[in-house]
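Take a look at the structure below.
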Amino acid sequence: MAKLTKLTSRITAVLTLSVIAFFFFMTVFGKKESFSIAENRKLADIPEVSLDGLYDGSDVDQLGYYVTDHFAGREEWISAKTIMQAELSEQIVNGIYIGKDRLLDAEVSLRTPASVNADIFSRYAENYDGTVYFAAIPSSSGVYGDLLQARGISRSDSQQITAFYEFLSNDIRKIDAYNILKMLNENYIYYRTDTKWTTYGAYCVYKTVIQKLGFLPTLYDKYSIQHITDDFRGNLYKKVLSAKVKPDIIDIYSYPDGAEVLSCEKTTNSGDTVESELYDLDMLDSSDMYSVFLGESAPLIKIRTSVKNDKKLLVIKDSYADCFIPFLIQHYSEIAVVSPEDMQKELSEYININDYSQTLFMFGVENLGNRSNLEKIIERN
(Lines give C-alpha, C1' and ligand atoms only; values in the text may rest on other atoms or scores of the structure.)
Protein backbone atom coordinates (compact mmCIF):
# COMPACT_ATOMS: atom_id res chain seq x y z
CA MET A 1 0.00 0.00 0.00
CA ALA A 2 2.84 2.38 0.89
CA LYS A 3 4.58 1.54 -2.42
CA LEU A 4 1.36 2.27 -4.33
CA THR A 5 0.93 5.61 -2.53
CA LYS A 6 4.55 6.54 -3.29
CA LEU A 7 4.12 5.58 -6.97
CA THR A 8 0.92 7.62 -7.23
CA SER A 9 2.69 10.64 -5.72
CA ARG A 10 5.54 10.30 -8.20
CA ILE A 11 3.17 10.03 -11.17
CA THR A 12 1.23 13.06 -9.94
CA ALA A 13 4.46 15.04 -9.52
CA VAL A 14 5.68 14.07 -13.01
CA LEU A 15 2.34 14.98 -14.60
CA THR A 16 2.23 18.30 -12.74
CA LEU A 17 5.77 19.22 -13.74
CA SER A 18 5.05 18.15 -17.32
CA VAL A 19 2.01 20.42 -17.51
CA ILE A 20 3.99 23.32 -16.00
CA ALA A 21 6.87 22.69 -18.39
CA PHE A 22 4.49 22.51 -21.36
CA PHE A 23 2.80 25.85 -20.58
CA PHE A 24 6.18 27.44 -19.78
CA PHE A 25 7.55 26.29 -23.15
CA MET A 26 4.44 27.46 -25.04
CA THR A 27 4.44 30.81 -23.24
CA VAL A 28 8.12 31.46 -23.93
CA PHE A 29 8.43 30.05 -27.44
CA GLY A 30 4.86 30.14 -28.76
CA LYS A 31 3.62 32.67 -31.31
CA LYS A 32 2.97 36.08 -29.74
CA GLU A 33 0.07 38.29 -30.77
CA SER A 34 0.18 42.06 -30.35
CA PHE A 35 -3.60 42.48 -30.19
CA SER A 36 -6.42 40.47 -28.62
CA ILE A 37 -9.39 40.41 -31.00
CA ALA A 38 -11.62 38.76 -28.38
CA GLU A 39 -10.89 41.52 -25.83
CA ASN A 40 -10.41 44.31 -28.39
CA ARG A 41 -7.23 45.62 -26.81
CA LYS A 42 -3.47 45.81 -27.35
CA LEU A 43 -1.43 43.24 -25.46
CA ALA A 44 1.65 44.13 -23.40
CA ASP A 45 5.01 44.42 -25.18
CA ILE A 46 8.09 42.73 -23.73
CA PRO A 47 9.90 45.33 -21.61
CA GLU A 48 13.53 46.34 -21.93
CA VAL A 49 15.06 45.09 -18.69
CA SER A 50 17.57 47.30 -16.86
CA LEU A 51 19.37 47.07 -13.51
CA ASP A 52 17.53 50.15 -12.23
CA GLY A 53 14.21 48.68 -13.33
CA LEU A 54 14.93 45.38 -11.61
CA TYR A 55 16.04 47.22 -8.46
CA ASP A 56 12.91 49.40 -8.14
CA GLY A 57 10.59 46.59 -9.28
CA SER A 58 9.13 48.37 -12.34
CA ASP A 59 10.63 45.87 -14.79
CA VAL A 60 9.33 42.98 -12.69
CA ASP A 61 5.82 44.47 -12.91
CA GLN A 62 6.13 44.93 -16.68
CA LEU A 63 7.37 41.37 -17.11
CA GLY A 64 4.40 40.22 -15.06
CA TYR A 65 1.98 42.07 -17.36
CA TYR A 66 3.74 40.61 -20.41
CA VAL A 67 3.57 37.03 -19.13
CA THR A 68 -0.06 37.45 -18.09
CA ASP A 69 -1.04 38.81 -21.52
CA HIS A 70 0.88 36.14 -23.46
CA PHE A 71 0.34 33.10 -21.25
CA ALA A 72 -0.43 30.07 -23.42
CA GLY A 73 -4.19 29.54 -23.80
CA ARG A 74 -4.88 32.77 -21.91
CA GLU A 75 -8.31 33.46 -23.47
CA GLU A 76 -9.42 29.88 -22.85
CA TRP A 77 -8.31 30.18 -19.20
CA ILE A 78 -10.31 33.41 -18.80
CA SER A 79 -13.38 31.79 -20.34
CA ALA A 80 -13.00 28.70 -18.12
CA LYS A 81 -12.55 30.89 -15.02
CA THR A 82 -15.74 32.78 -15.90
CA ILE A 83 -17.68 29.53 -16.35
CA MET A 84 -16.44 28.17 -13.01
CA GLN A 85 -17.32 31.36 -11.15
CA ALA A 86 -20.76 31.48 -12.75
CA GLU A 87 -21.37 27.82 -11.86
CA LEU A 88 -20.42 28.62 -8.27
CA SER A 89 -23.22 31.24 -8.27
CA GLU A 90 -20.73 34.10 -8.47
CA GLN A 91 -22.84 35.97 -11.02
CA ILE A 92 -20.58 39.04 -11.04
CA VAL A 93 -17.20 38.45 -12.69
CA ASN A 94 -14.75 41.27 -13.47
CA GLY A 95 -17.49 43.77 -12.73
CA ILE A 96 -19.92 42.13 -15.19
CA TYR A 97 -23.21 40.54 -14.16
CA ILE A 98 -23.65 37.24 -16.01
CA GLY A 99 -27.33 36.52 -16.31
CA LYS A 100 -29.24 33.79 -18.09
CA ASP A 101 -30.02 35.93 -21.13
CA ARG A 102 -27.68 38.92 -20.96
CA LEU A 103 -24.56 40.54 -19.53
CA LEU A 104 -24.77 43.81 -17.59
CA ASP A 105 -22.26 46.32 -16.22
CA ALA A 106 -22.42 45.83 -12.46
CA GLU A 107 -20.14 48.78 -11.67
CA VAL A 108 -22.67 51.48 -12.55
CA SER A 109 -22.50 52.89 -9.02
CA LEU A 110 -18.79 53.64 -9.53
CA ARG A 111 -19.36 56.02 -12.44
CA THR A 112 -18.67 59.72 -12.10
CA PRO A 113 -22.12 61.39 -11.83
CA ALA A 114 -23.12 62.88 -15.20
CA SER A 115 -24.43 66.04 -13.51
CA VAL A 116 -20.90 67.27 -12.69
CA ASN A 117 -20.35 67.98 -16.39
CA ALA A 118 -23.68 69.63 -17.20
CA ASP A 119 -21.99 73.05 -17.19
CA ILE A 120 -20.03 72.14 -20.35
CA PHE A 121 -23.20 71.82 -22.43
CA SER A 122 -24.75 74.91 -20.87
CA ARG A 123 -21.64 76.91 -21.87
CA TYR A 124 -21.94 75.54 -25.40
CA ALA A 125 -25.56 76.73 -25.59
CA GLU A 126 -24.56 80.24 -24.45
CA ASN A 127 -22.27 80.66 -27.47
CA TYR A 128 -24.62 79.10 -30.01
CA ASP A 129 -27.18 80.93 -32.14
CA GLY A 130 -29.41 77.93 -32.84
CA THR A 131 -31.52 75.50 -30.77
CA VAL A 132 -29.87 72.82 -28.63
CA TYR A 133 -31.41 69.42 -27.89
CA PHE A 134 -30.08 66.72 -25.58
CA ALA A 135 -30.85 63.01 -25.60
CA ALA A 136 -29.07 61.17 -22.77
CA ILE A 137 -29.28 57.45 -23.46
CA PRO A 138 -29.39 54.88 -20.65
CA SER A 139 -27.11 51.86 -20.83
CA SER A 140 -28.46 48.31 -20.78
CA SER A 141 -27.76 48.31 -17.02
CA GLY A 142 -30.19 51.20 -16.64
CA VAL A 143 -33.04 49.65 -18.59
CA TYR A 144 -32.56 46.18 -17.09
CA GLY A 145 -31.44 47.48 -13.71
CA ASP A 146 -33.92 45.35 -11.78
CA LEU A 147 -31.49 42.45 -12.18
CA LEU A 148 -28.77 44.49 -10.49
CA GLN A 149 -30.94 46.03 -7.78
CA ALA A 150 -31.64 42.51 -6.54
CA ARG A 151 -27.91 42.35 -5.76
CA GLY A 152 -27.90 45.66 -3.88
CA ILE A 153 -26.50 47.78 -6.74
CA SER A 154 -28.28 51.13 -6.72
CA ARG A 155 -28.27 54.56 -8.43
CA SER A 156 -30.08 53.89 -11.65
CA ASP A 157 -29.50 55.54 -15.02
CA SER A 158 -32.91 57.14 -14.57
CA GLN A 159 -31.67 58.99 -11.48
CA GLN A 160 -28.43 59.94 -13.24
CA ILE A 161 -30.25 61.39 -16.26
CA THR A 162 -32.82 63.24 -14.16
CA ALA A 163 -30.08 64.89 -12.07
CA PHE A 164 -28.09 65.72 -15.20
CA TYR A 165 -31.08 67.36 -16.91
CA GLU A 166 -31.81 69.42 -13.80
CA PHE A 167 -28.32 70.94 -14.01
CA LEU A 168 -28.56 71.73 -17.73
CA SER A 169 -29.41 75.25 -18.88
CA ASN A 170 -33.10 75.92 -19.50
CA ASP A 171 -32.14 76.86 -23.06
CA ILE A 172 -31.40 73.20 -23.79
CA ARG A 173 -34.39 71.05 -24.75
CA LYS A 174 -34.23 67.72 -22.95
CA ILE A 175 -35.51 64.51 -24.53
CA ASP A 176 -36.62 61.60 -22.35
CA ALA A 177 -35.16 58.46 -23.90
CA TYR A 178 -35.14 56.45 -20.68
CA ASN A 179 -38.89 55.98 -20.27
CA ILE A 180 -39.34 55.12 -23.95
CA LEU A 181 -36.77 52.34 -23.69
CA LYS A 182 -37.86 51.15 -20.26
CA MET A 183 -41.41 50.73 -21.56
CA LEU A 184 -40.18 48.59 -24.47
CA ASN A 185 -37.67 46.46 -22.57
CA GLU A 186 -39.45 43.23 -23.52
CA ASN A 187 -38.23 43.87 -27.08
CA TYR A 188 -34.77 43.48 -28.58
CA ILE A 189 -33.77 47.09 -27.90
CA TYR A 190 -30.37 46.42 -26.26
CA TYR A 191 -27.61 44.04 -27.16
CA ARG A 192 -27.19 41.10 -24.80
CA THR A 193 -23.39 41.41 -24.73
CA ASP A 194 -22.92 45.18 -24.93
CA THR A 195 -24.01 48.27 -23.00
CA LYS A 196 -25.45 49.94 -26.12
CA TRP A 197 -28.87 49.83 -27.74
CA THR A 198 -29.69 47.92 -30.91
CA THR A 199 -30.72 49.64 -34.13
CA TYR A 200 -34.35 48.94 -33.22
CA GLY A 201 -33.84 50.58 -29.83
CA ALA A 202 -32.38 53.61 -31.62
CA TYR A 203 -35.38 53.71 -33.97
CA CYS A 204 -37.81 53.73 -31.02
CA VAL A 205 -36.12 56.85 -29.62
CA TYR A 206 -35.70 58.40 -33.09
CA LYS A 207 -39.49 58.69 -33.41
CA THR A 208 -39.61 61.05 -30.43
CA VAL A 209 -36.35 62.89 -31.16
CA ILE A 210 -37.27 63.75 -34.73
CA GLN A 211 -40.64 65.15 -33.65
CA LYS A 212 -38.86 67.38 -31.12
CA LEU A 213 -36.64 68.55 -34.00
CA GLY A 214 -39.72 69.46 -36.04
CA PHE A 215 -40.33 66.53 -38.40
CA LEU A 216 -42.65 63.55 -38.74
CA PRO A 217 -40.84 60.23 -38.23
CA THR A 218 -40.44 57.76 -41.06
CA LEU A 219 -42.77 54.82 -40.49
CA TYR A 220 -41.17 51.56 -39.45
CA ASP A 221 -42.67 49.57 -42.34
CA LYS A 222 -40.94 51.88 -44.85
CA TYR A 223 -37.57 50.43 -43.90
CA SER A 224 -35.85 47.42 -45.36
CA ILE A 225 -34.00 45.62 -42.54
CA GLN A 226 -30.89 43.57 -43.20
CA HIS A 227 -29.38 41.25 -40.58
CA ILE A 228 -25.69 41.65 -41.38
CA THR A 229 -24.34 39.40 -38.61
CA ASP A 230 -25.60 37.21 -35.79
CA ASP A 231 -22.14 36.85 -34.24
CA PHE A 232 -21.59 40.23 -32.57
CA ARG A 233 -19.97 40.11 -29.13
CA GLY A 234 -19.81 43.51 -27.48
CA ASN A 235 -17.86 45.39 -24.83
CA LEU A 236 -19.31 43.40 -21.90
CA TYR A 237 -18.39 40.07 -23.44
CA LYS A 238 -14.81 41.26 -23.95
CA LYS A 239 -14.39 41.62 -20.17
CA VAL A 240 -15.40 38.07 -19.30
CA LEU A 241 -15.24 36.07 -22.57
CA SER A 242 -18.37 34.24 -21.41
CA ALA A 243 -20.11 32.05 -23.99
CA LYS A 244 -23.09 31.58 -21.66
CA VAL A 245 -25.01 34.43 -23.33
CA LYS A 246 -25.48 33.99 -27.05
CA PRO A 247 -24.02 36.52 -29.51
CA ASP A 248 -26.00 39.46 -30.83
CA ILE A 249 -27.54 40.41 -34.16
CA ILE A 250 -26.59 43.66 -35.90
CA ASP A 251 -29.23 45.15 -38.20
CA ILE A 252 -28.99 48.00 -40.69
CA TYR A 253 -32.07 49.90 -41.84
CA SER A 254 -32.41 51.31 -45.35
CA TYR A 255 -35.25 53.26 -46.96
CA PRO A 256 -35.26 52.33 -50.67
CA ASP A 257 -37.80 55.01 -51.64
CA GLY A 258 -36.38 57.75 -49.44
CA ALA A 259 -33.61 60.32 -49.61
CA GLU A 260 -30.14 59.19 -50.64
CA VAL A 261 -26.69 59.97 -49.29
CA LEU A 262 -24.88 62.06 -51.90
CA SER A 263 -21.58 62.20 -50.06
CA CYS A 264 -20.06 61.16 -46.75
CA GLU A 265 -16.71 62.75 -45.89
CA LYS A 266 -14.51 62.28 -42.84
CA THR A 267 -12.11 64.94 -41.58
CA THR A 268 -9.07 63.61 -39.76
CA ASN A 269 -7.11 65.38 -37.02
CA SER A 270 -4.47 66.27 -39.59
CA GLY A 271 -7.10 68.17 -41.58
CA ASP A 272 -7.32 65.65 -44.43
CA THR A 273 -10.71 64.85 -45.93
CA VAL A 274 -11.46 61.29 -47.04
CA GLU A 275 -14.49 59.70 -48.66
CA SER A 276 -16.44 57.36 -46.42
CA GLU A 277 -19.68 55.39 -46.21
CA LEU A 278 -22.64 55.41 -43.86
CA TYR A 279 -22.07 51.68 -43.35
CA ASP A 280 -18.65 50.03 -43.52
CA LEU A 281 -19.28 46.30 -43.89
CA ASP A 282 -15.55 45.60 -43.77
CA MET A 283 -15.73 46.24 -40.01
CA LEU A 284 -17.58 42.93 -39.65
CA ASP A 285 -14.18 41.28 -40.04
CA SER A 286 -12.61 43.44 -37.32
CA SER A 287 -12.53 43.23 -33.52
CA ASP A 288 -15.13 46.02 -33.35
CA MET A 289 -18.15 44.96 -35.39
CA TYR A 290 -20.25 47.84 -34.03
CA SER A 291 -18.09 50.21 -36.11
CA VAL A 292 -19.99 48.99 -39.16
CA PHE A 293 -22.05 52.09 -38.33
CA LEU A 294 -20.14 55.10 -39.76
CA GLY A 295 -16.90 53.07 -40.02
CA GLU A 296 -13.65 53.83 -38.22
CA SER A 297 -13.89 56.75 -35.80
CA ALA A 298 -13.09 60.32 -36.87
CA PRO A 299 -13.48 63.74 -35.23
CA LEU A 300 -15.84 65.00 -37.95
CA ILE A 301 -18.10 63.40 -40.55
CA LYS A 302 -20.17 65.48 -43.00
CA ILE A 303 -23.11 63.76 -44.67
CA ARG A 304 -24.89 65.45 -47.60
CA THR A 305 -28.22 64.06 -48.77
CA SER A 306 -30.72 64.50 -51.61
CA VAL A 307 -33.19 66.23 -49.25
CA LYS A 308 -33.96 69.69 -50.67
CA ASN A 309 -34.88 71.72 -47.59
CA ASP A 310 -31.57 73.48 -46.77
CA LYS A 311 -31.87 72.27 -43.17
CA LYS A 312 -28.61 71.42 -41.46
CA LEU A 313 -28.10 69.53 -38.22
CA LEU A 314 -25.01 69.26 -36.03
CA VAL A 315 -24.83 66.06 -33.96
CA ILE A 316 -22.26 65.94 -31.14
CA LYS A 317 -22.11 62.41 -29.85
CA ASP A 318 -20.45 59.27 -28.58
CA SER A 319 -20.75 55.77 -30.07
CA TYR A 320 -24.37 55.36 -28.94
CA ALA A 321 -25.41 57.70 -31.77
CA ASP A 322 -23.61 55.80 -34.52
CA CYS A 323 -26.56 53.52 -35.35
CA PHE A 324 -28.98 56.44 -34.84
CA ILE A 325 -27.47 58.80 -37.45
CA PRO A 326 -28.87 56.97 -40.53
CA PHE A 327 -32.45 57.67 -39.40
CA LEU A 328 -31.77 61.42 -39.77
CA ILE A 329 -30.94 61.13 -43.48
CA GLN A 330 -34.58 61.57 -44.51
CA HIS A 331 -34.91 64.98 -42.86
CA TYR A 332 -31.79 67.09 -43.47
CA SER A 333 -29.80 68.22 -46.49
CA GLU A 334 -26.63 68.12 -44.38
CA ILE A 335 -25.68 66.42 -41.14
CA ALA A 336 -22.37 67.11 -39.41
CA VAL A 337 -21.33 64.49 -36.87
CA VAL A 338 -18.72 65.41 -34.25
CA SER A 339 -17.04 62.94 -31.90
CA PRO A 340 -15.29 64.75 -29.00
CA GLU A 341 -13.49 61.55 -28.02
CA ASP A 342 -11.65 61.60 -31.36
CA MET A 343 -10.88 65.33 -31.44
CA GLN A 344 -7.34 66.53 -30.78
CA LYS A 345 -8.12 70.23 -31.29
CA GLU A 346 -10.83 72.70 -30.35
CA LEU A 347 -14.23 72.26 -31.98
CA SER A 348 -13.86 75.53 -33.94
CA GLU A 349 -10.82 74.01 -35.70
CA TYR A 350 -13.13 71.50 -37.35
CA ILE A 351 -16.42 73.33 -37.85
CA ASN A 352 -18.36 76.59 -37.39
CA ILE A 353 -21.22 75.53 -35.13
CA ASN A 354 -23.36 78.50 -36.17
CA ASP A 355 -23.58 77.16 -39.73
CA TYR A 356 -26.14 74.76 -38.25
CA SER A 357 -29.50 75.88 -36.92
CA GLN A 358 -29.90 72.87 -34.60
CA THR A 359 -27.49 70.92 -32.42
CA LEU A 360 -28.39 67.50 -31.08
CA PHE A 361 -26.28 66.11 -28.25
CA MET A 362 -26.56 62.33 -27.95
CA PHE A 363 -24.46 60.52 -25.36
CA GLY A 364 -24.79 57.34 -23.35
CA VAL A 365 -25.10 58.29 -19.69
CA GLU A 366 -22.12 56.04 -18.91
CA ASN A 367 -19.89 58.39 -20.93
CA LEU A 368 -21.10 61.71 -19.52
CA GLY A 369 -18.64 61.59 -16.62
CA ASN A 370 -15.58 61.91 -18.87
CA ARG A 371 -14.84 65.64 -18.54
CA SER A 372 -11.56 65.64 -20.50
CA ASN A 373 -13.41 64.44 -23.64
CA LEU A 374 -16.47 66.63 -23.21
CA GLU A 375 -14.55 69.86 -22.59
CA LYS A 376 -13.28 69.77 -26.16
CA ILE A 377 -16.58 71.19 -27.41
CA ILE A 378 -16.10 74.55 -25.67
CA GLU A 379 -13.51 77.19 -26.50
CA ARG A 380 -10.51 77.40 -24.22
CA ASN A 381 -9.67 80.87 -22.95
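The values are calculated or read from the model by the stated rules, or taken from the named source; none is laboratory data. Note that the structure is predicted; figures quoted are calculated from it, not measured. Counting neighbours? That spans all protein chains shown, and the Cβs are built from the backbone with ideal geometry, glycine included.
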request  = Name the single residue, out of those in region 91-117 being farther than 19 Å from ARG192 by Cα and in a loop (DSSP other than H, G, I, E, B), that is modelled with the lowest pLDDT.
outcome  = ARG111
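Which count do you get for residues in region 306-336 that are assigned to a strand (DSSP E or B) and either out of contact with any helix residue (DSSP H, G or I) (no Cβ under 7 Å at 6 or more places or on another chain) or buried (at least 23 other Cβ atoms within 10 Å of the Cβ) (or both)?
Taking region 306-336 as the starting set, the residues that turn out to be assigned to a strand (DSSP E or B) are 312-317, 334-336.
Filter once more, so that each one left must be either out of contact with any helix residue (DSSP H, G or I) (no Cβ under 7 Å at 6 or more places or on another chain) or buried (at least 23 other Cβ atoms within 10 Å of the Cβ) (or both): 314-317, 334-336.
Count: 7.
Return the total of residues in region 264-304 being assigned to a strand (DSSP E or B) and charged (D, E, K, R). So that I can check it myself, show each step before the final result.
At the first step, the residues of region 264-304 found to be assigned to a strand (DSSP E or B) are 264-267, 273-275, 279, 293, 300-304.
Narrowing further to those that are charged (D, E, K, R): 265-266, 275, 302, 304.
Summing the residues that are assigned to a strand (DSSP E or B) and charged (D, E, K, R) in region 264-304 gives 5.
Only one of VAL245, VAL209, VAL240 is surrounded by 15 or more Cβ atoms within 10 Å (Cβ to Cβ), within 30 Å of TYR356 (Cβ to Cβ), in contact with a helix residue (DSSP H, G or I) (Cβ under 9 Å, 6 or more places away or on another chain) and assigned by TED's automatic domain parsing to the domain that holds LYS196; which?
Values: VAL245 fails: within 30 Å of TYR356 (Cβ to Cβ); VAL240 fails: within 30 Å of TYR356 (Cβ to Cβ).
Residue meeting the stated conditions: VAL209.
I'm trying to understand the selection: among the residues of region 248-259, which are surrounded by 12 or more Cβ atoms within 10 Å (Cβ to Cβ) and either of a type in the set (A, V, I, L, M) or not in a strand (DSSP E or B) (or both)? It would help to see each step written out before you state the result.
Going through region 248-259, the residues surrounded by 12 or more Cβ atoms within 10 Å (Cβ to Cβ) turn out to be 248-255, 258-259.
The answer is ILE249, ILE250, ILE252, TYR255, GLY258, ALA259.
With the requirement that a residue be among the β-branched types (Val, Ile, Thr) and outside any loop (DSSP other than H, G, I, E, B), what does region 196-239 give you? First the steps, then the outcome.
Filtering region 196-239 down to residues among the β-branched types (Val, Ile, Thr) leaves 198-199, 205, 208-210, 218, 225, 228-229.
Those that are among the β-branched types (Val, Ile, Thr) and outside any loop (DSSP other than H, G, I, E, B): THR199, VAL205, THR208, VAL209, ILE210, ILE225, ILE228, THR229.
Being out of contact with any helix residue (DSSP H, G or I) (no Cβ under 8 Å at 6 or more places or on another chain) and farther than 13 Å from LEU328 by Cβ is the filter here; which residues of region 275-301 pass it? Explain how you work it out, then say what you get.
As a first pass, look at region 275-301 and keep what is out of contact with any helix residue (DSSP H, G or I) (no Cβ under 8 Å at 6 or more places or on another chain): 275-277, 282, 285-288, 300-301.
Hits for region 275-301 are GLU275, SER276, GLU277, ASP282, ASP285, SER286, SER287, ASP288, LEU300.
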task = Please list, ordered by first then second residue, the pairs with beta carbon atoms under 9 Å, 6 or more apart or interchain, first in region 264-286 and in contact (Cβ under 8 Å) with a residue 60 or more places away in the chain and among the β-branched types (Val, Ile, Thr), second loosely packed, with under 13 Cβ neighbours inside 10 Å and not in a loop (DSSP other than H, G, I, E, B).
result = THR267/THR273; THR267/VAL274
